[in-house]
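Right, one structure below, let's go through it.
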Amino acid sequence: MTTEKESKPTLATTEHSSGQLGNGIFQLLTSDFTFKKVFGMDNPGNFLLDFLNCALGAYVGIITEIQYLPTELMGIVPAQRGVVFDIYCRNQNDDRFLIEMQRAPQQDFVERTFLNMSRAISNASRKGSNHKIKAFYSLNILDFKLSAFNNDTKVFHACFVKNEDNEILSPKVAFFYINLCNFANWQSGLSERFRNWLFMFTNMHKLTEEDYKRQESYFKKLLDDCRINNLTEVEMREYEKSITESEAVKASLKYVEELAYQRGIAEGEARGEAKGEVNAKFAIASLLLAQGVSLEIITKTTGLTAKEIGIEE
């Protein structure tokens, strides 16, 4: 009798609306399912450790070990619990890292990273007897153009609190943003290993077996762990669901933008902008609900709570 682990599921469709299933050999690393599988607490931590050192090592020092922390400690409301941070961990020095993968644009995304950081700092400082805080770093991996950096083509941004002379007031708090849509393999200013990681984020699902043979052993291990034909039937459903949901979010956002323009919601007048933003959020939530997108994804995308959307948990 064939067990679930022995079964060899196939993709439900060989084509996808935006080609996110790629060649059907390797998973899409930016999907929620694969991202958490590769970097989450069910993984021994080797991939996350290596990626953090590539991205942040020059700013926070070399990380030799990590320990995953539960997001439930953040004191957030039930509707947001589990979706505020994809990963929350600390290193050997007890520095804290908030790591999030965001595939679809979200209004006030930068402000939300500030809020998440504030919650994390406040929660970790409650037991302290002085005003010293632990070091906190927010790493945000984005598969869309962040409005704050609309006019530049950099793939990586490091943001510290500075004074008027561009001097860092404290190295203990920083925000890092990776704009995957700006990545090009020829870009300078990135280490070769960091470029390899960014290449995997943007191209892993497109790779062939010939591409696999050209990879170094470390990234061959990553690719082997992300082979689609190694997924069980249950995992396959979760993987396809994570892709479908992110595409539904993007499609709904695009539709709402067009609708907002047609109806004059996005007028240039200050008095109309606030109302337009609120209307757009509820319109997005309504569209996503109609498409069967999970409540967690909807609250994360719109910033609305389940109660505001009209759903009681």
| remark: residue 132 and residue 307 label points (each 7 Å along its Cα→Cβ direction) are spaced in nm at 3.9 nm
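Grab the Cα-Cα distance for residue 181 and residue 203, subtract it from 0.36 nm times how many residues apart they are, and report the gain in nm with one decimal.
On the way: separation 22, 0.36 × 22 = 7.92 nm, distance 1.14 nm.
So the extension gain works out to 6.8 nm.
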| query | Taking a spot 7 Å from the Cα of residue 220 along the direction of its beta carbon, which residues of segment 23-54 have an amide N less than 19 Å from it? | reply | 25-27, 47
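Give me 90, 227, 193 sorted ascending by neighbouring Cβ count inside 10 Å, so fewest comes first.
Working: 90 19, 227 12, 193 16.
By the 10 Å Cβ count, ascending, the order reads 227, 193, 90.
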| remark: Per the 1/(1 + (r/R0)^6) rule, R0 = 51 Å and r from the Cβ atoms of residue 161 and residue 193, FRET efficiency to 0.05 is 0.95
| query | So what J values fall out for segment 159-176 if you push phi through Karplus, 6.51 cos²θ - 1.76 cosθ + 1.60 with θ = phi - 60°, rounded to Hz, Gly and Pro as x? | reply | 10, 10, 7, 10, 8, 5, 9, 6, 9, 6, 6, 8, x, 7, 10, 7, 10, 10
| message | Let's test the formula: R0 of 35 Å, r as the Cβ-Cβ distance of residue 23 and residue 282. What FRET efficiency results, to the nearest 0.05? | response | 0.35
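Got a sec? How would 41, 101 order by Cβ neighbour count within 10 Å, fewest to most? Don't jump to the answer; show the numbers that get you there.
Details: 41 16, 101 23.
Arranged by neighbour count, lowest to highest, 41, 101 become 41, 101.
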| Want the number for residue 289 to residue 148: 0.36 nm per residue separation, take away the alpha-carbon distance, what's left? | 47.9 nm
| query | What residues qualify as long-range amide H neighbours of residue 156, i.e. H under 5 Å apart, gap of 5 or more or another chain, H built at 1.01 Å from N? | reply | 179
| note | The extension gain from residue 296 to residue 121, computed as 0.36 nm times the residue separation minus the Cα-Cα distance, is 60.6 nm
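Readers should treat all values here as calculations from the given coordinates under stated rules, not as data from a laboratory. No experiment lies behind these values; they were computed from the predicted model shown. So basically every Cβ, Gly included, is an ideal-geometry build from the backbone, and we count neighbours across all protein chains shown.
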